[in-house]
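These notes concern the structure reproduced below.
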Amino acid sequence: MTAMGDDAAEAAEIGKHYDERSPIGDEFRDGQLHMWYFYDREDSAPLAEAVGRITRKVTDTLGLRPGESVLDAGCGPGTTAIGMAERFGARVTGVTVSRFEVERATERALASEAGDLVTFEYGDFMALEYPAGTFDAVLALESLQNAPNLAQVIGELYRVLRPGGRLSFSDFSAGAPGPPDRLAKFMETLRLSRLPSLEEWCEHLRAAGFQIEEFTQCGPRVLGRKAKYIEAALARRQEIAAKFGEAALTEFAEQHHGFFAPRKDQVGYVIIAARKPYR
């Protein structure tokens, strides 16, 4: 098998990973499969609200304007893309390797007031079919982490942006030193082959040609608040079990045991905004 064939096989496996886990995750987080943001241990926000805070923090760094064309790379079940269309009047194309996510996102779009501005497609962001310069902006919420070849996917996102186009993404990063076995369990659960530091993330972007314009490290309010996630999720446990069954919910929980293995400061969370240079 060629290297490209290996990448395609890995993309298919990642798609299967999300097909299996996204239905219950979709229900828990209202169509947003990325992380949460809790201000402190007294924060009583429902889980969907805490997850929506990350959505807003990252999408706001794009500076979207009405009519702009946006690629949501690794779009999940659609809530984020639809939200960008509704809030900013942007035209959004969501791409994912999960068949479930394409179907669920399309259902959401049809039921929304911005459905005519949003399209969801099955596709691999390692090899996008769009011409160079297609998009004004690209969003990637915790999707770059799963790329088999990080340099290749960042290069693809750079290619499909017009000169002056923006990229904003959020992802996990290396945090404080800690037990390596705990970190290994976390990475295995999320199918991560790497965990760059904030500076290493920036270096990857610069190597592709991007100019870094803004970044933040908010790990203490994200994975550092995993106890708040568990509390918020347990508040909906009975409701979710009634819909999917106890067996499915137990399996979902077991699949995520490794996610909570690291110490709370061992894994960071970065938000980075960058730009493709103007001509």
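Observations, loosely collected:
- Counting only residues that are buried (at least 18 other Cβ atoms within 10 Å of the Cβ) and either part of a helix (DSSP H, G or I) or not aliphatic (A, V, I, L, M) (or both), the stretch 219-239 holds 8 of them.
- I271 in contact (Cβ under 8 Å) with a residue 12 or more places away in the chain, closer than 22 Å to E49 by Cβ, in contact with a Lys or Arg (Cβ under 8 Å, 6 or more places away or on another chain) and β-branched (V, I, T): yes
- Here is the figure for the stretch 194-203: residues that are more than 9 Å from Q145 (Cβ to Cβ), in contact (Cβ under 8 Å) with a residue 24 or more places away in the chain and surrounded by fewer than 17 Cβ atoms within 10 Å (Cβ to Cβ) total 2.
- If only residues of the stretch 62-74 that are assigned to a loop (DSSP other than H, G, I, E, B) and surrounded by fewer than 24 Cβ atoms within 10 Å (Cβ to Cβ) are counted, the one that is nearest to the chain's Cα centre (by Cα) is L62.
- Hey, L110 surrounded by fewer than 15 Cβ atoms within 10 Å (Cβ to Cβ) and either in a helix (DSSP H, G or I) or in contact with a Lys or Arg (Cβ under 9 Å, 6 or more places away or on another chain) (or both) or not: yes
- Of the numbered criteria (1) part of a strand (DSSP E or B); (2) among the β-branched types (V, I, T); (3) over 17 Å from the mean Cα position of the chain (by Cα), the one T250 fails is (1).
- Across the stretch 4-37, the number of residues qualifying as at pLDDT 90 or above and within 26 Å of E251 (Cβ to Cβ) comes to 3.
- For the stretch 34-56, taking the residues that are of a type in the set (S, T, Y) and closer than 21 Å to S143 by Cα, the one that is surrounded by the fewest Cβ atoms within 10 Å (Cβ to Cβ) is identified as T55.
- Within the set A127, A48, the sole residue that is modelled with pLDDT under 95, under 28 Å from T216 (Cβ atoms) and not aromatic (F, W, Y) turns out to be A48.
- The stretch 75-100, subset under 18 Å from L128 (Cα atoms) and at pLDDT below 95, residue surrounded by the most Cβ atoms within 10 Å (Cβ to Cβ): C75
- For V97: the one exception among (1) touching a helix residue (DSSP H, G or I) at 6+ places or on another chain (Cβ under 6 Å); (2) farther than 23 Å from L157 by Cα: (2)
- Test for T59: is it surrounded by 22 or more Cβ atoms within 10 Å (Cβ to Cβ), of a type in the set (V, I, T) and in contact with a strand residue (DSSP E or B) (Cβ under 9 Å, 6 or more places away or on another chain): yes
- A search for C-beta distances below 8 Å between a residue of the stretch 232-255 that is on the phi < 0 side of the Ramachandran plot and any residue that is among the β-branched types (V, I, T), counting only pairs 6+ apart in sequence or on different chains, returns I240/I24; F244/I24; A248/I24; L249/I24; L249/I240; F252/I24; Q255/T189.
- Selection within the stretch 185-218 - hydrophobic (A, V, I, L, M, F, W, C), at pLDDT 95 or above and in a helix (DSSP H, G or I): L198, W201, C202, L205, A207, A208
The values are calculated or read from the model by the stated rules, or taken from the named source; none is laboratory data. Please read these numbers as outputs of a predicted model, since none were measured by experiment. With ideal geometry, Cβ positions are generated from the backbone for all residues, glycine too; neighbour counts draw on all protein chains shown.
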